[in-house]
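Structure first, commentary second.
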Amino acid sequence: MRTITATIVLAACQLSFAGGDTNSVAISEWSEPVKLQNKQLHDQTIRGRLLIVRGVEPALRGSVTTNRAMTFVELQNVSGAYDGTGIDILFDVTKLNCDLSDGTGRVLPKPDGVSWSGPGPLGPYWLQLPYNSTIRLFVNGGSLAPLMVYPNGEPWCYWSIPTNDTNVYFLAGTLSLATHTNTTFSGPPGLTERYWQEHCTAKLLFPKTGIHAPAGGRGQTVNSK
C-alpha cells in the first residue's frame, strides 16, 4: 500500500460535486465534443463525462450494505441536425485512462493492483447512440467509504480515499472511442486505414473535477491500493 500526503490548496479548476443530485459523489463537466463518422459516412458529434454515484449493481442488491459507489461514463450524441441516422460506438473500459491529483496539482502515482478473484473489465462491446440521446455506461463498482476511485476499467486497481480525509482531489481522464472499421469508404492501399484513423476514432477529454470522501472528519492521506 502506498500512502501519499496531500494538502488542500485552492485551485482554478472546475468543481462538480453533487450537481444537484443527492446520489452524486462527483460529476465532471461534459467534454468538448468530437466528430465521428458512422457507416453512412455521416458526421456525428459526441461528448462525454465521468460520474461517481452512490449505489450498488443489481447483481449485488440485497447482499451488501449501502456503503457502495459506482463509476460510470455518459456519452451523448449532440449532432447539430437529425439526418435519419445515429452511430454505433465501440465502448471499451480499458481505453479509459484517469488521473487523480491533489490540491497542489501533483498527479498521484497510479495505484498498484490488489489480489482479485472477481470478474475482469467489462466489454468491449458495441452500442448504438441515436440523435439527441444519452447513454450511461457502467465502468466499475466499489466502496463508498473508503471511496474507491478507478484510473481505468480494471476492477482490481484503484485509489482509496479514507472517510477521515478532508482534502479535495481532482479527477480527470480520457476515453478513446471507435466506430466500425468496415466503413463504406474505399481508396488506394493505406488511404482507407488513414481515413478510419482520422474519421472513425476519437478521444474524449474529461475535464478536471473536484472529488473528496463523501463523509469525513480530519485527515491527511489518500491511499493507493
Scan Y125, Y150, Y131 and give me the residue that is among the hydroxyl-bearing types (S, T, Y) and within 24 Å of N67 (Cβ to Cβ). Y150
Going through the stretch 78-102 one residue at a time, which ones are in contact (Cβ under 8 Å) with a residue 40 or more places away in the chain, over 14 Å from T174 (Cβ atoms) and in a loop (DSSP other than H, G, I, E, B)? V78, S79, Y82, D83, T85, G86, D102
Just the residues that are aliphatic (A, V, I, L, M) and within 15 Å of the chain's Cα centre (by Cα), please, taken from the stretch 139-172. V139, M148, V149, L171, A172
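We did not get these values from a lab; they are worked out from the coordinates using the rules stated. Source: prediction; values computed, not measured. Methodologically, a virtual Cβ is constructed for each residue, glycine included, from the backbone with ideal geometry; neighbour enumeration extends over all protein chains shown.
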